[in-house]
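Worksheet: one structure, shown below.
FYI, it's all coordinate maths here, none of it is from the lab. It should be emphasised that the depicted structure is a prediction, and the values quoted were computed from it without experimental measurement. Here the Cβ positions follow ideal geometry from the backbone for every residue, glycine too, while neighbour counts run over all protein chains shown.
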Amino acid sequence: MAPSLVEETPLSLRAAPKTTLKTDAGFNKENVIGYGEAYKLENELKGTEKQPPASFPNYLPVWDNETERYPPIQPFEHYDHGKDADPTFPDLLPKDKAEVDDITPTIGTEVRGVQLSQLTKEGKDQLALYVAQRKVVAFRDQDFAHLPIEKALEFGGYFGRHHIHQTSGAPKGFPEIHLVHRGADDRSGAEFLSQRTNTITWHSDVTFEKQPPGTTFLYILDGPSSGGDTLFADMAQAYRRLSPEFRKRLHGLKAVHSGIEQVNNSLNKGGIARRDPITSEHPIVRTHPVTGEKALFVNPQFTRYIVGYKKEESDYLLKFLYDHIALSQDLQTRVRWRPGTVVVWDNRVVTHSALFDWEDGQRRHHARITPQAEAPYETPFEG
């Protein structure tokens, strides 16, 4: 059983350290894009010279709750259904239907011949375990985007309580859906690269929450002709690559994760904040409740400093960990988006980065269902 929720930390924060291959673009990627010239509903509905109308207008973002404030997220008891799964995966990956292709030995798998929307309870249990083991799984040729949004949320809700993002646009009436959207009028890619050399921003989603997400679903609605891939890194393997003495030193350390900057950036751009931002302390090494794997749990987008360390000490250690993850391509995989793709990952044991490498004027429109999991906890060092 995981321990009780961690204490909330004060709102006065030190800045994150600068590190190789890291930009601060992440503070913008999930924030407001739908104001001013960045988003024109008419162009999304009717199309432009560069792109056709949106394939899924019911998923177009709205920001219609500027005056609505959500209360703080309350703790809940999470149960991971991967604990109930048959480890041979007969319902998830039937031998007469499923085509399984591992992208790398330790992280990333492509699956065809299986419809997520048709999974039984047993299949969903096995999905939770399989994703925890393979870290990220791309299911091809899915009908998920064509489901009524209520049905998609019903499916995702099996894996945990839905997280409502504090700043992002959502389909009207469905704040539980987090939208990633760049349309014909969005120029954020060019703006990023006018000031930075790359758009890489490694992160795990909303780790500033007391109970960050676990099994996470991202599905494509529209995409550019090429580009817009997503990178993933295996944080459990990243932990194991460290020497036993170094791993031992990390145990017992906690770091502060902050959602304050994300909210401030949204408000500065004319966006919304659904609730007051928070910070949380989480262990730098967390344990997965089903597999028992230990994984690094820091990221340059939301992690701010190590509790009890002076600034220079904290910056030095975090920079090493960030560079270890970013530079170790043999811990990573890359998912190419195609129509009908649903990517499922375990946010507890991977970090990821979207790529802004396609021409402005082409729509990239994805929807994310983000079930929350247990509060991160640590188990004793095992050598």
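Okay, here's what the table says:
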item	result
Region 121-170 versus region 313-361: alpha-carbon centroid distance in Å	19 Å
Relative contact order (%) - criterion: Cα under 8 Å, at least six apart; region: the chain	32 percent
Region 328-383: GluC sites (Glu not before Pro) in DSSP loop, at most 15 other beta carbons within 10 Å	359, 382
Packing-based ranking, highest mean first, of 243-250, 174-181 given that Cβ atoms within 10 Å are counted	174-181, 243-250
Sum of -39500 (n - 2.57) over DSSP H runs of 4+, divided by residues of the chain (222 nm, nearest 500)	-6000 deg cm²/dmol
Highest-first arrangement of 285-297, 113-125, where packing means the average Cβ count within 10 Å	285-297, 113-125
Of the chymotrypsin sites (Phe, Trp or Tyr not before Pro) in region 91-185, those whose Cβ has at most 15 other Cβ within 10 Å and which sit in DSSP loop	158
Gaussian network model of the chain, Cα within-10 Å springs - most flexible of 211, 166, 51	51
